Amino acid sequence: EQRKCSFDYESMTVRYVLNCRYTPDFILPNGVIIEAKGRLMKKDARKHRAIKKQFPDLDIRFVFADINNRVEGSKFTNRQWCEKYKFEYAERVIPKKWFDNVKKKAD
């Protein structure tokens, strides 16, 4: 304003993707990725939403110690968070059906 120059203030949003790495806890022979969580932290919740958005073909599923625990800093329980963001989930044990259609290794 002092320079008598016209401008727009915060009129544009630039979306960007951070270059990060993700190492799954477990990968089943059928390609299902298992994340074992005692507690879902805010940074992990954000990370998994970003991964799902960028890599929608990855089949990431969660096994929680307690599906009724709250996600850190959230009003959602682990169960509610998974349902909202369309992640399959289980409590304590990997369900047998998650092992279905296992690809057999060549002899």
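Counting only residues that are of a type in the set (A, V, I, L, M, F, W, C), without any contact (Cβ under 8 Å) to a residue 12 or more places away in the chain and either open to solvent by less than 20 Å² (accessible area, probe 1.4 Å) or closer than 14 Å to Asn78 by Cα (or both), segment 19-48 holds 0 of them.
Summed over segment 49-86, the residues that are of a type in the set (Lys, Arg), farther than 23 Å from Leu18 by Cβ and open to solvent by less than 80 Å² (accessible area, probe 1.4 Å) give a count of 1.
Give the residues of segment 56-86 that are assigned to a loop (DSSP other than H, G, I, E, B) and under 16 Å from Ile34 (Cβ atoms), sorted by residue number.
Within segment 56-86, Leu58, Asp59, Ala65, Ile67 meet the criteria.
Within segment 87-101, being among the hydrophobic types (A, V, I, L, M, F, W, C), open to solvent by 60 Å² or more (accessible area, probe 1.4 Å) and part of a loop (DSSP other than H, G, I, E, B) holds for one residue alone: Val93. The residue that is least open to solvent (accessible area, probe 1.4 Å), counting only those in segment 1-18 that are over 30 Å from Lys52 (Cα atoms) and among the aromatic types (Phe, Trp, Tyr), is Phe7. Against the criterion of being charged (D, E, K, R), at pLDDT 95 or above and touching a helix residue (DSSP H, G or I) at 6+ places or on another chain (Cβ under 9 Å), Glu83 does not qualify.
The values are calculated or read from the model by the stated rules, or taken from the named source; none is laboratory data. No experiment lies behind these values; they were computed from the predicted model shown. Using ideal geometry, Cβ is built from the backbone for each residue, glycine included, and neighbour counts are taken over all protein chains shown. Just the protein is used for accessible areas: all its heavy atoms, side chains included, with ligands, DNA and RNA removed. Shrake-Rupley method; radii C 1.70, N 1.55, O 1.52, S 1.80 Å.
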